[in-house]
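Take a look at this one; I'll ask things after.
The values are calculated or read from the model by the stated rules, or taken from the named source; none is laboratory data. Predicted model only: the values in this text are computed from it and were never measured. Keep in mind that these areas ignore ligands, DNA and RNA; they rest on the heavy atoms of the full protein, side chains included. Shrake-Rupley method; radii C 1.70, N 1.55, O 1.52, S 1.80 Å.
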Amino acid sequence: LFKGKFYYCVGLDVKNITNKSDCLTANYRWVHHKYNFDNLGQALMSLFVLASKDGWVNIMYHGLDAVGIDQQ
């Protein structure tokens with residue numbers, strides 16, 4: 001459900017950046033969050049944090065912000 005959707009653009013002015021191609025065109029970095037669902041290992045670690053640690057709120061907000069693959 002969330003595979004490939006936890007990526008975002010890192011740069012100086014990203015308010016007008018909406019997808020990966022805009023980010024790379026502006027010479028910014030397209031990176032993913034620490035906890036994501038791109039493979040089985042990362043998904044299991046994310047679910048473990050959701051179930052047992054204090055970091056679940058950040059994962060919840062990243063999930064709410066997930067729009068689509070290669071979009072932010």
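Could you list all residues from segment 34-60 that are closer than 20 Å to residue 9 by Cα and aromatic (Phe, Trp, Tyr)?
Correct list: 35, 37.
Where in segment 1-71 are there helices (runs of 4 or more DSSP H), lying fully within it, with 3 or more residues that are open to solvent by 40 Å² or more (accessible area, probe 1.4 Å), on the phi > 0 side of the Ramachandran plot and modelled with pLDDT of 85 or more?
Here the list is empty.
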